[in-house]
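A short write-up of the structure that comes next.
The values are calculated or read from the model by the stated rules, or taken from the named source; none is laboratory data. Small disclaimer: the values here were computed from a predicted structure and weren't measured. Methodologically, a virtual Cβ is constructed for each residue, glycine included, from the backbone with ideal geometry; neighbour enumeration extends over all protein chains shown.
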Amino acid sequence: PQVCWLTPEQTAGKQKPYMYTQGQAVLNRSFFPGFDTPGVKSTYSATIKVPEGFTAVMSATTWEKQEKDNTFTFKMSQPIPSYPLLSRCGVGAIKSTMLWMKSRVWAEPCLIEAAKKEYDGVIEEFLVVGEKLFGPYVWGRYDVLFMPPSFPFGGMENPCITFVTPCLLAGDRSLVDVIIHEISHSWFGNLVTNANWGEFWLNEGFTMFAQRRISTVVYGAAYTCLEAATGRALLRQHMDNTGEDHPLNKLRVKIEPGVNPDDTYNETPYEKGYCFVSYLAHLVGDQSTFDAFLQAYVNRFKFQSITADDALEFFLEHFPELKKKGVATIPGFEFDRWLNTPGWPPYLPDLSPGETLAELWAASPLNLEAIKAVDIAAWKTYQLIFFLDKILQKSPLPGGNVEKLSETYPKISCAQNAELRLRWCQIVLKNNLEAEFGKVKDFLHSQGKQKYTLPLYRAMWSGSKSARALAVETFSATAAQLHVNVRNYVKKILDAAPVGS
Ligand code: BES
Ligand code: ZN
């Protein structure tokens, strides 16, 4: 399952076949022998021979090409865990273009111009801010590779070369938080690593915090709070779907032998993890003192794999006055409760800098006059997303309202931006707006990202009879182009007894 072989039709350019690998969480053991646990790190080198006209790239600090026999040699000089290792040999017709001294962007030829335009000039800024906040960037180069449309993730933080979905090519940089997220893994995840997959929140929760710190410095608090509010809405949806008490809704997860860590994947390590790190920052009080702590944390544990206990012990050592005050056991906010009790985070960071924008839309009933007075033409993508999440929470809307909404805001109902398309499709399904089912179908045909695909199949399957028919029809047409994991998860959804009408 680790190696994905794509036919030309499964690529963006539809000209040449393509091969890539994806290791996280435990797929690399099917590709090469080794200790496939995040608790073990090593350097590596590799040689890849490709057919004429193809290029190989890997997560490595040095790259060399021997022209005469189409062979590429790679060396990773820093110790890394296995899961982001080798997992990025995108062999296929790809081109690169220089973004700045140590950063290139790679994509199929038909995407390269758009890819360059989307991120020219900003990557360097994120790296510089990241270094200022969290310490030296140790990986030398930083490249971004745009993957074919069936890549099942938004991004994957392979050291030296992040893999991203082509859905990020929105034309206006509006989905740049994914790049900032993967860059943040350069410190949290790739440098300080969770020792086992039950502690996954150490990778993702710290990374969400780091991502939003960089975003706050570059784009300001108002923007970052809107993005964070979107994350909180995803956590709300997830806990509503599973029930707050679900055992996966705690930060430290017990993964029994034989259970695939991928099957425990959900929003909790990301967004509840973010809340916990925000809570630690809140205990410290001062932002720059907490930034300094994060830098000390990275420095203390770099190139190591750790558990939450190591991290929290270091936190208390670093702030002896907090330890003396007993912050680890404040009733209701015990560190132990954070780690081991499922449910909604006991502490939520204040996102109010972004909230005023959404208040008008959260009101019920909607005041149409007031709505008309608001010009969404200038709204940024995360403002629209925030709004759509509120609409989705309130759906199904009273009869006729969604049609009206669709007509009033073609900017939303005909959006090309993947995050907007996902939400519009969810609203279409929740309101059973059959006239726009075609949009759900088109979106699922155009890409295969797991976080877009599964929620839509779940929504179809718990919807009307025609929504279920749409699910069956779409799956039979697209199954072949989906990543094998995603295909299996969709199958599972369609195998369950429908809960809807
Ligand atoms: N490392 C993850 C992707 C991943 C997790 C792959 C678990 C396989 C198993 C990556 O850093 C990630 O979190 N990507 C997010 C980006 C988002 C949170 C900005 C994604 O793909 O949605
Ligand atoms: Zn991540």
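Can Phe303 be described as closer than 29 Å to Val176 by Cα and surrounded by fewer than 17 Cβ atoms within 10 Å (Cβ to Cβ)?
yes
Listed here are the residues, each with its yes/no results for (1) under 21 Å from Ser186 (Cα atoms); (2) within 16 Å of ligand 1 (Cβ to nearest atom).
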{"residue": "Met19", "(1), (2)": "no, no"}
{"residue": "Ser30", "(1), (2)": "no, yes"}
{"residue": "Pro33", "(1), (2)": "no, no"}
{"residue": "Pro51", "(1), (2)": "no, no"}
{"residue": "Val57", "(1), (2)": "yes, no"}
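Just give me the residues in the stretch 204-227 being over 13 Å from the mean Cα position of the chain (by Cα) and aliphatic (A, V, I, L, M), in sequence order.
Residues satisfying the conditions are Ala210, Ile214, Val217, Val218, Ala221, Ala222, Leu226.
Does the stretch 363-370 include one or more residues that are modelled with pLDDT under 65, farther than 24 Å from Asn196 by Cβ and surrounded by 16 or more Cβ atoms within 10 Å (Cβ to Cβ)?
Yes, the stretch 363-370 contains at least one residue that is modelled with pLDDT under 65, farther than 24 Å from Asn196 by Cβ and surrounded by 16 or more Cβ atoms within 10 Å (Cβ to Cβ).
Determine if the stretch 152-166 includes at least one residue that is outside any loop (DSSP other than H, G, I, E, B), in contact (Cβ under 8 Å) with a residue 40 or more places away in the chain, within 17 Å of Leu422 (Cα to Cα) and more than 16 Å from ligand 2 (Cβ to nearest atom).
Within the stretch 152-166, one or more residues are outside any loop (DSSP other than H, G, I, E, B), in contact (Cβ under 8 Å) with a residue 40 or more places away in the chain, within 17 Å of Leu422 (Cα to Cα) and more than 16 Å from ligand 2 (Cβ to nearest atom).
Taking the stretch 189-230 on its own, how many of its residues are assigned to a loop (DSSP other than H, G, I, E, B), buried (at least 22 other Cβ atoms within 10 Å of the Cβ), among the small types (Gly, Ala, Ser) and more than 9 Å from ligand 1 (Cβ to nearest atom)?
0
When only residues in the stretch 1-37 that are buried (at least 20 other Cβ atoms within 10 Å of the Cβ) and of a type in the set (Val, Ile, Thr) count, which is farthest from the chain's Cα centre (by Cα)?
Thr11
Could you list, in sequence order, the residues of the stretch 151-168 that are surrounded by fewer than 24 Cβ atoms within 10 Å (Cβ to Cβ) and away from ligand 1 (no atom under 11 Å from the Cβ)?
Answer for the stretch 151-168, where residues must be surrounded by fewer than 24 Cβ atoms within 10 Å (Cβ to Cβ) and away from ligand 1 (no atom under 11 Å from the Cβ): just Pro166.
Do you know which residues across the stretch 115-151 are farther than 30 Å from Glu9 by Cα, assigned to a loop (DSSP other than H, G, I, E, B) and in contact (Cβ under 8 Å) with a residue 60 or more places away in the chain?
The answer is Gly135, Val138, Trp139, Gly140, Arg141.
Just need a number here: residues in the stretch 450-462 that are surrounded by fewer than 21 Cβ atoms within 10 Å (Cβ to Cβ) and within 16 Å of ligand 1 (Cβ to nearest atom).
Final tally of qualifying residues: 4.
Of all residues being surrounded by 18 or more Cβ atoms within 10 Å (Cβ to Cβ) and among the charged types (D, E, K, R) in the stretch 391-433, which is farthest from the chain's Cα centre (by Cα)? Just the residue, please.
Lys430
Restricting to the stretch 169-188, name every residue that is free of Cβ contacts under 8 Å to residues at least 60 places away in the same chain and within 12 Å of ligand 1 (Cβ to nearest atom).
Result: Val176, Asp177, Val178, Ile180, His181, Glu182, Ser184, His185, Ser186.
Here is a list: Phe126, Phe151, Phe134. Which entry is more than 21 Å from Met76 (Cα to Cα) and within 16 Å of the chain's Cα centre (by Cα)?
The conditions single out Phe151.
Would you kindly identify the helices (runs of 4 or more DSSP H) lying entirely within the stretch 392-501 that contain at least 2 residues that are under 29 Å from Asn28 (Cα atoms)?
437-446, 450-461, 465-478, 484-495
Within the set of pairs 6+ apart or on separate chains, which have a first residue in the stretch 189-212 that is more than 17 Å from Phe126 (Cα to Cα), a second that is basic (Lys, Arg) and modelled with pLDDT under 95, and C-beta atoms under 9 Å apart?
These pairs meet every condition: Gly198/Lys254.
Residue by residue through the stretch 232-245, note down the ones that are assigned to a loop (DSSP other than H, G, I, E, B) and either within 12 Å of ligand 1 (Cβ to nearest atom) or at positive phi (or both).
Listed by number, the list holds a single entry, Gly243.
If I filter the stretch 170-189 for residues that are modelled with pLDDT of 95 or more and away from ligand 2 (no atom under 16 Å from the Cβ), do I get at least one hit?
Within the stretch 170-189, none of the residues are modelled with pLDDT of 95 or more and away from ligand 2 (no atom under 16 Å from the Cβ).
Those residues that are in contact with a Pro (Cβ under 9 Å, 6 or more places away or on another chain) and either within 14 Å of ligand 1 (Cβ to nearest atom) or modelled with pLDDT under 95 (or both), I need them from the stretch 251-263; list them, please.
Val253, Lys254, Ile255
Do we have Leu248 as within 13 Å of ligand 1 (Cβ to nearest atom) and either modelled with pLDDT of 95 or more or on the phi < 0 side of the Ramachandran plot (or both) here?
Judged against the criteria, Leu248 is not a match.
Residues checked against (1) in a helix (DSSP H, G or I); (2) touching a helix residue (DSSP H, G or I) at 6+ places or on another chain (Cβ under 9 Å):
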| residue | (1), (2) |
| --- | --- |
| Val259 | no, no |
| Tyr270 | yes, yes |
| Cys275 | yes, yes |
| Ser288 | yes, no |
| Phe315 | yes, yes |
| Ala328 | yes, yes |
| Arg337 | yes, no |
| Pro342 | no, yes |
| Asp350 | no, yes |
